[in-house]
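Notes follow once the structure below has been shown.
Every number in this text was worked out from the coordinates using simple rules, so none of it is lab data. Quick caveat, the model's predicted, so the values are computed rather than measured. Glycine gets a Cβ as well: all are built from the backbone with ideal geometry, and neighbour counts include every protein chain shown.
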Amino acid sequence: IAYPRAVTLMPVAPLWAALFFFMLLLLGLDSQFVGVEGFITGLLDLLPASYYFRFQREISVALCCALCFVIDLSMVTDGGMYVFQLFDYYSASGTTLLWQAFWECVVVAWVYGADRFMDDVACMIGYRPCPWMKWCWSFFTPLVCMGIFTFNVVYYKPLVYNNTYVYPWWGEAMGWGFALSSMLCVPLHLLGCLLRAKGTMAERWQHLTQPVWGLHHLEYRAQDSDVRGLTTLTPVSESSKVVVVESVM
């Protein structure tokens, strides 16, 4: 509310107001690009090659955007603010994001391996990042995320809109359903992989936590596979890359 009022006090107020709301439009579109691309990329990577067809990505993006548009229509009705508060308080809250960030650090640093990830980054940018980054992925970031997450859970308060409307029990249950739909993805996938694997529990865990190192795009694979010797002073030259033609079926 403060920004629209501020632009009305500036010279040529209609121009500044139009630029302000145009900026909000671009900001919203830019934020959606990241979420939609990440979701579609992960979804298509899960599909087997037999499901690939022409314009698959375009159709998937169109369906995803159409579904999100239909869901968002509920937020522009007379009671849309109550629906928006549920999504904002539970789905997009700091608690949910901190939980996902914690598991992302665990998977990258402890399951895939921080050293492997450093090697991947070195292959892409030509030098190994500062070791401080590996320490953050492995220790500092997950500890901070879990600490703040625990604090939010301990001091959790039910959603109250505008300090007057208290949501019923089924509204809170719906909100927690929104939150758990994203929070339980990694733990449930881990549990499913453990149940499908063969052998003892120790053998299953060892098998699932030994990733196969490799590059998805073979044209970026360097002739010298030992990238751990790279430093910020020894970038990879263009001549050291091997160009491999891939045929995508």
message: Cut-off is 10 Å between beta-carbons; in what order do Cys105, Cys64, Cys130 appear when sorted fewest neighbours first?
response: Cys130, Cys64, Cys105
field: Cβ-derived FRET efficiency at R0 22 Å, Ser182 paired with Leu67, nearest 0.05
entry: 0.90
Cut-off 17 Å, label 7 Å out along Cα→Cβ of Val107, residues of region 133-154 by amide N: 137-138, 142, 146
query: From the residues Leu15, Cys68, Thr41, which one has its Cα farthest along the dipole of region 1-76 in the positive direction, the dipole being from +1 and -1 charges on Cβ of Lys/Arg and Asp/Glu about the Cα centre?
result: Leu15
- line: Full extension between Val12 and Asp78 adds, at 0.36 nm per residue less the Cα distance, a length in nm of 20.4 nm
